[in-house]
Amino acid sequence: MEEYKLKKESLNNLSEEKKIFYNDELFNNNLRIINSYCDNKIINNESIILLIKTLSREIYNDKKYVDRLVKEFELILNFNFEEVFYQVYEILQLSKGIPHIIRGSAGSCLLCYLMGITNIDPIKENIALSRFMHKDRESIPDIDIDFPSNIRDEIYKKIFNNWENKVARISNHIIYKEKSALREAIRNEGYRKFVPRDYKLNEIFDDDKKIDNVKKRAKELLGKLRCYSLHCGGIVIFKNNVPDNLLLKEYDIDKCFKGKQIWLNKDQVEDANMIKIDILSNRGLSQLCDISDKPIIEYDISDERTFELFSNGENIGLTHSESRAMMKVFKIMSPRSIKEIAIALALIRPAASKNFQKAEFLKDYNEYKYNTNNYIIFDDDATMFIKRLLKCNDSTADNYRRAFSKNNKVKKREFMRLLGNKNLDDSYKKEIITRLEQLEYYSFCKSHAYSYAQLVYALAYNKVNNTKQFWFSTINNCNSSYRKWVHYREAIKCGLKIIPGKKPYTLKDDVMYPNKKEKKVYDRGIDQLLNYGYWTTENFISGMYYEEYWVNLTKRHKVDNKSICKDGKIKYGKFKGLIVTGRGYKKDDNKGYITFVTVASDDGNYHDLILNGYHKISSMFCISGYGKLKTDNYVKWIDVIKWKSDWLL
């Protein structure tokens, strides 16, 4: 990989060019509150005064708020972090009127809340600062901003115009792996034809020497740079023009506007002490914006009908939370607050759900509703758990948390030595390590979950109170793990009429008109489904059914505590349904696979199935079969005994 040398990027000095649009009355009041609890000289620092001017919220007249803020100011000055906040402030000023939410740990920071960067009060929600920054952190913290996906390019143009020739997107480094290295080596040996997926070298080359050359060259390529790609959202704003030695190319934002791209990746940017800000896209925000221009924080968070929607598991269409797994979690938890929605969102991430932790948590949830200290649901829970266990400070605890998250073996061994000195049962020590090792898988930090929970609640509120506009926007903006037709049928079920065609649609008098009509119009729903992936006729596809029936219990029936039995009978179900969604999973005991499938027998009538083994259902439209009906008191499913891919009538 190309070597590079960079001096430590110095942070921009404060200057008259930096525009802070502040309110004198708010600024003076915040300064007065700070000074009433604190005589710290840090408040007289020019950089801190400028940060206080960026505040768009009034500081609570409470010592713990001021103490937290002063602690954050000290850390910011100590590590020269202030430029991160100035740049994000300027970006949000440029994009005023465009909604945003913050992804990641910035919601742990009180300053971010007071500046209006986030809508999460970390003091009120008991979110520790250490997940975002602490005294032993050397890298500049990230503030990742989500904007509506359909207008994110407009944000980029504003940024590139504001810092003309001074801003660039960063790159991903695509590395050669086994398959790509072998294909490249084949091309290097002069082969120019198409290389199929399941090829054999002796079918491509009949010369043993060439085959040996390919294998040798492939081995040499492994781990080396293959190419650059554009990072999903990371930008760097330079003090002066983008350095020529870093510039990779210019890329098209649209037909009339170009942006710059540098060849550094996110790790190299961090190593060079540059400030990286991620400008990211969010389909849920696009969905919400097209429904209503009401700010997320202005939604009534005590709306009974909205919370009933969660309790009933009616989550289809809610971006970030519409899976069948989320449906079950919502039904069990029956959330009544943003906090509980945030817990639900975090629970289905791999780190929280592995090792039976999700099942244990949900089993005890109603009994221990507000006592989650024994569980690692959020990243922050791991930090607090380690802090209590080792009786150490936040910084030390978060560094150990990060070691497990990044699989830093040296740091993990250090933690294990400290744990070994504790007077604890060996079985409990083993359980601690097992739980912390799950952090290597994807998880949510607390502030990220809260931020997304606010968005999910706003979407749910509109699904209940603004239903037609909700489904119109959902079809225009959202991709889903469900088949394409599912959202269309939900829209039709609520009273919308859809003209077949290409998105985006416009809505007039409850009719959705496409941007471009389909060239060939089919009258039958089944023909529309096969050609468009959805159908717009009034009725569901004919021939689908779902029935439950009782069978007399005999010795051949295997019964468990989830089987539905009554008066010497066991309940079965038979079905023929359109596939809604499906996915294969490894069994909890890691012995074999099962495939979860959801089918529909009518509009809005969804049924969950479990098929033994791993099955590719992506090419199937419809399946039929039968099996034992089971329940855990929250959801029902059929444990399928026999099934087949069936024909549509």
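Only the coordinates and a few stated rules stand behind these numbers; no lab work does. Source: prediction; values computed, not measured. All Cβ positions, glycine included, derive from the backbone under ideal geometry; neighbour counts span all protein chains shown.
Apply 1/(1 + (r/R0)^6) to the Cβ-Cβ distance of residue 393 and residue 38, taking R0 = 22 Å, and write down the FRET efficiency to the nearest 0.05.
Numbers: r = 22 Å, r/R0 = 0.98.
The computed FRET efficiency comes out at 0.55.
So for segment 130-287, considering every pair of alpha-carbon atoms, how many percent are separated by more than 28 Å?
43
Label-point separation (nm) for residue 308 and residue 645, each offset 7 Å from Cα along Cα-to-Cβ?
4.2
Give the residue list of chymotrypsin sites (Phe, Trp or Tyr not before Pro) in segment 97-206 that are DSSP loop and have at most 13 other beta-carbon atoms within 10 angstrom.
On the way: sites: 113, 132, 156, 160, 163, 176, 191, 194, 199, 205; in loops: 132, 163, 176, 191, 194, 199, 205.
The qualifying sites are 194, 199.
Counting only C-alpha contacts under 8 Å and six or more residues apart, can you give the relative contact order of the chain as a whole percent? It would help to have the intermediate numbers written out before the result.
Working: 1040 pairs, mean separation 64.6, N = 649.
Answer for the chain is 10 percent.
Which cysteines in the chain lack any other cysteine whose Cβ sits under 4.7 Å from their own Cβ?
38, 227, 232, 256, 289, 392, 445, 478, 494, 565, 622
Starting from the Cα gyration tensor of the chain, take the square roots of the eigenvalues, sort them a ≥ b ≥ c, and report rounded, prolate or oblate (rounded when a/c is under 1.5, otherwise prolate if a/b is larger than b/c, else oblate).
Values: a/c = 1.43, a/b = 1.31, b/c = 1.09.
Judged from the Cα gyration tensor, the chain comes out rounded (a/c under 1.5).
Using 0.36 nm times the number of residues separating residue 165 and residue 537, minus their current alpha carbon distance, what extension gain do you get? Present the calculation step by step, with values, prior to reporting the outcome.
Details: separation 372, 0.36 × 372 = 133.92 nm, distance 5.31 nm.
Taking 0.36 nm per residue and subtracting the Cα distance, the gain is 128.6 nm.
Go ahead and run the numbers for FRET between residue 422 and residue 566, Cβ-Cβ distance against an R0 of 51 Å, rounding to 0.05. Mind showing how you got there, number by number?
Details: r = 51 Å, r/R0 = 0.99.
Computed FRET efficiency for residue 422 and residue 566 comes out at 0.50.
Tell me the trypsin sites (Lys or Arg not before Pro) within segment 589-649 that lie in a loop according to DSSP and have at most 14 other beta-carbon atoms within 10 Å. Each step should come with its number before you reach the end.
Numbers: sites: 591, 616, 628, 630, 636, 642, 644; in loops: 591, 616.
Passing both the DSSP loop test and the Cβ count: 591, 616.
Between residue 523 and residue 497, with labels modelled 7 Å along Cα→Cβ, what's the label distance in nm to one decimal, could you check?
In this crude label model, residue 523 to residue 497 measures out at 1.7 nm.
Starting from the coordinates of the alpha-carbon atoms of segment 421-533, obtain the Kirkwood hydrodynamic radius over all distinct pairs and give the value in Å to one decimal.
On the way: mean 1/r = 0.0559 Å⁻¹.
This gives a value of 17.9 Å.
Rule-of-thumb check for segment 276-408: C-alpha Rg over 2.2 N^0.38 Å?
Working: Rg = 17.2 Å, N = 133, 2.2 N^0.38 = 14.1 Å.
For segment 276-408, the normalised Cα radius of gyration comes out at 1.22.
Over segment 545-645, what is the relative contact order in whole percent, taking alpha-carbon pairs under 8 Å and six or more residues apart? Working shown, then result.
Numbers: 222 pairs, mean separation 26.2, N = 101.
Over segment 545-645, the number comes to 26 percent.
Please give me, ordered by residue number, the trypsin sites (Lys or Arg not before Pro) of segment 84-178 that lie in loop per DSSP and have at most 13 other Cβ atoms within 10 Å.
Values: sites: 96, 103, 124, 131, 135, 137, 152, 157, 158, 166, 169, 177; in loops: 96, 124, 135, 137, 166, 177.
Answer by residue number: 96, 124, 177.
Please give the calculated 222 nm ellipticity per residue for the chain, where each DSSP H segment of at least 4 residues contributes -39500 (n - 2.57) and the sum is spread over every residue; nearest 500 deg cm²/dmol? Please list the in-between numbers first.
Values: 24 runs with 249 residues, N = 649.
After summing the helix terms and dividing by the residues of the chain, the value is -11500 deg cm²/dmol.
So how much slack lies between residue 348 and residue 618, counting 0.36 nm per residue of separation and subtracting their Cα-Cα distance, in nm? Kindly include the intermediate steps, with their values, before the conclusion.
On the way: separation 270, 0.36 × 270 = 97.20 nm, distance 2.31 nm.
Once the chain is fully extended between residue 348 and residue 618, it gains 94.9 nm.
Test of understanding: what is the full-extension gain from residue 479 to residue 80, defined as 0.36 nm times their sequence separation minus their Cα-Cα distance?
Details: separation 399, 0.36 × 399 = 143.64 nm, distance 4.04 nm.
This chain segment gains 139.6 nm when fully extended.
Run the simple label-point estimate for residue 213 and residue 180 please: 7 Å along Cα→C-beta, distance reported in nm.
A separation of 2.4 nm, rounded to one decimal place.
For segment 24-138, state what percent of all Cα-Cα pairs lands in each successive 10 Å bin, counting from 0 Å until the bin that includes the largest distance.
With a bin width of 10 Å, the distribution comes to 13, 49, 34, 4.
Which whole-Hz couplings ³J(HN,Hα) result when phi for each residue of segment 503-510 is put into the Karplus expression 6.51 cos²θ - 1.76 cosθ + 1.60, θ = phi - 60°, listed in order with x for Gly and Pro?
5, x, 8, 10, 10, 8, 6, 6
Mean Kyte-Doolittle of at least -0.5 plus a Cα span of 27 Å or more along the axis: flag which DSSP H helices in the chain meet both, please.
On the way: long enough: 446-465 (28 Å, -0.26).
TM-like helix candidates: 446-465.
Given Cα positions, please report Rg to Rh for segment 109-174, the hydrodynamic radius being the Kirkwood one. Mind showing how you got there, number by number?
On the way: Rg = 15.7 Å, Rh = 14.9 Å.
Rounded to two decimals, Rg over Rh is 1.05.
With the cut-off at 1.5 for a/c, could you classify segment 280-323 from its C-alpha gyration tensor as rounded, prolate or oblate?
Working: a/c = 2.52, a/b = 1.24, b/c = 2.04.
Verdict is oblate for segment 280-323.
Under the definition of Cα pairs under 8 Å and six or more residues apart, what whole-number percent is the relative contact order of segment 171-319?
Numbers: 124 pairs, mean separation 38.3, N = 149.
It comes to 26 percent, rounded to a whole number.
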